[in-house]
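Reviewing the structure listed below.
The values are calculated or read from the model by the stated rules, or taken from the named source; none is laboratory data. Quick caveat: nothing in here was measured; it's all calculated off a predicted structure. Methodologically, a virtual Cβ is constructed for each residue, glycine included, from the backbone with ideal geometry; neighbour enumeration extends over all protein chains shown.
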Amino acid sequence: MSDGNPNFSFTQTALQYLDSLYGFAMTLTRDRTEAEDLVQETYLRAVRAFGRLLPDSNLKGWMFAIMRNAWINEVRRSRNAPHFVELDAEEDYARRVGRIPNDPYAVLLKNRERDEIRAAIDGLPQGFREIIVLRDIEGFSYQQIADILDCPAGTVMSRLGRARQKLRSVLAGLQTIAPKTIGAKAI
Amino acid sequence: MNPCEQIRDQIIFYLDDELEARERVSLEVHLRSCAPCRDLFEQEKCFLETVRRAGPVHKASPALRTRIKETLEDVPPPHAAPAALRQRIERTVWGSFVTTAGGHFRGALWRAAVILIAFVVGYGVFGRYRIYEHTQQPSAFASMAVDRHQRHLRDQLPLEVVSAAPDQISAWFAGKVPFKVELPNYQEMSGQERLYELEGARLVDYENNHAAYVAYRMRNRPISLLVTSQQIVEPSGGEEIVSKNITFHYDSIDGFKVITWADRGLAYALVSDLEERGQQSCIVCHQGTRDQDFIRSLKPRSSFWK
């Protein structure tokens, strides 16, 4: 690939979002293989449509929207196929936390706290974990999230509030998370 | 709702950086004098910082990174002709001109002359109505207008002022945009049947400047009008149609009809899903009988238009 290829600038810019997109793909699919396929599909769709993107558009947000649409289409397409059942947040969380090694030589408490928070986010229902990831991990604004999820900004606010409340209640049950961190009362 | 309740409702928006400057200052002033609200603020801040420190939740493997790079390298540039087609066309073109003894060359020259004559004759006939028959890619301005129209349809672009009174909308824009937005009130003045409804307006960003967005509805079908300074954008692209010394640019983007033009220092875009070129959307400013000639001039003369 060279500078003469119109795809070159897209590749250079878009590859910096790979980790974020993969993280979002994992958030949506919770399966490594599916997530990798979804990332590949997203980049393919994006590079083909890149020429139609407005110059002042948010490339990262646009690619997140492409990924989510691709995932929704895939879910719709395979609706007749066997599908996973969303586990209850706490039950799923417990299953995931069980995978975190309780190693006496393990890393600092801070890292454990981080691992547990990540596992707690992964254990949230899909609608909650995607909005937490978009806002608190990826830092999108409410309006950008509304564009990605294709819903009103008001829906983003209310769903984000409920997602954080759920995450807070899950984290409240962990010993490694300081009570001060969780907060006594949800806003 | 007492002041503390109001502030507590806003804390999360403050921490998400979603408050306006005035609201942020108001909240900060209150926190300085209210210990219970300050405690709640600190708790919420601590919670969000902890969650945010946990990211990124997942990281792409080097293998995936390589796979994506290879995928992108394999994708041809958008709208590029396949290599086989490119070679075939090159062979055809060069074959016509390079063939010996002049037979093919004269043939190619003759064909080119016929095409040129046909073009000139066609241009002369249709040129009375349309100065330019060729079509170019839609401009960024036209694409932006369609995008904002679609967002408005999806409730992602709420109106900042809701009014059916053109003078109220015009007054609302005063001081917000560096030009005067004058919306005609022909329906009221003429006493004619109301063919469209003015819904309201808002500001939209374009090229780091505010543009005026006005929403209409005609027979329950939405119409968007965008106005900005001609210094920011010079309408271009699409099919060009000249009428009354104004060049209109017509595009069809994602099934929506968009007409862009510039007049007296302002650039305009009209978006709708109306028939043909959507020329009936012009009625929001041109409802008078004498304006019908102008609207008819934008009507397509063949059935090639969707």
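Quick look at the numbers
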| read-out | value |
| --- | --- |
| Some residue of region B:282-303 being assigned to a strand (DSSP E or B), modelled with pLDDT of 60 or more, in contact with a strand residue (DSSP E or B) (Cβ under 9 Å, 6 or more places away or on another chain) and surrounded by 18 or more Cβ atoms within 10 Å (Cβ to Cβ) | no |
| Residues that are more than 7 Å from every other protein chain (Cβ to nearest Cβ) and of a type in the set (Ser, Thr, Tyr), drawn from region A:6-19 | A:Ser9, A:Thr13, A:Tyr17 |
| Enumeration of residues in region B:180-215 that are over 16 Å from the mean Cα position of the chain (by Cα), under 20 Å from B:Gln150 (Cα atoms) and either at pLDDT 80 or above or acidic (Asp, Glu) (or both) | B:Glu197, B:Leu198, B:Glu199, B:Gly200 |
| Residue satisfying condition, being modelled with pLDDT of 75 or more and of a type outside the set (S, T, N, Q), within set B:Glu160, B:Glu133 | B:Glu160 |
| Residue match in region A:48-59 (condition: away from every other protein chain (no Cβ under 12 Å) and within 23 Å of A:Asp122 (Cα to Cα)) | no |
| Residue check, B:Leu48 at the interface with another protein chain (Cβ under 7 Å from one of its Cβ atoms), within 29 Å of A:Gln144 (Cα to Cα) and touching a residue at least 12 places away in the same chain (Cβ under 8 Å) | yes |
| Matching residues in region B:207-236 - criterion: being within 14 Å of chain A (Cβ to nearest Cβ), crowded, with 22+ Cβ neighbours inside 10 Å and outside any loop (DSSP other than H, G, I, E, B) | B:Ala211, B:Leu226, B:Thr228 |
| Subset of region A:110-136 that is touching a Ser or Thr at 6+ places or on another chain (Cβ under 6 Å) and among the basic types (Lys, Arg) - its residue that is farthest from the other protein chains (Cβ to nearest Cβ) | A:Arg112 |
| Yes/no for B:Glu73 being within 8 Å of chain A (Cβ to nearest Cβ), in contact with a Gly (Cβ under 7 Å, 6 or more places away or on another chain), in a helix (DSSP H, G or I) and not hydrophobic (A, V, I, L, M, F, W, C) | no |
| Residues satisfying the stated conditions in region B:51-70, i.e. of a type in the set (Gly, Ala, Ser) and more than 7 Å from chain A (Cβ to nearest Cβ) | B:Ser61, B:Ala63 |
| Meets criteria (of a type outside the set (S, T, N, Q), in a helix (DSSP H, G or I) and at pLDDT below 90) for A:Val170 | yes |
| In region B:1-14, the residues that are surrounded by 17 or more Cβ atoms within 10 Å (Cβ to Cβ) and either more than 14 Å from every other protein chain (Cβ to nearest Cβ) or under 36 Å from the mean Cα position of the chain (by Cα) (or both) | B:Gln10, B:Ile11, B:Ile12, B:Phe13, B:Tyr14 |
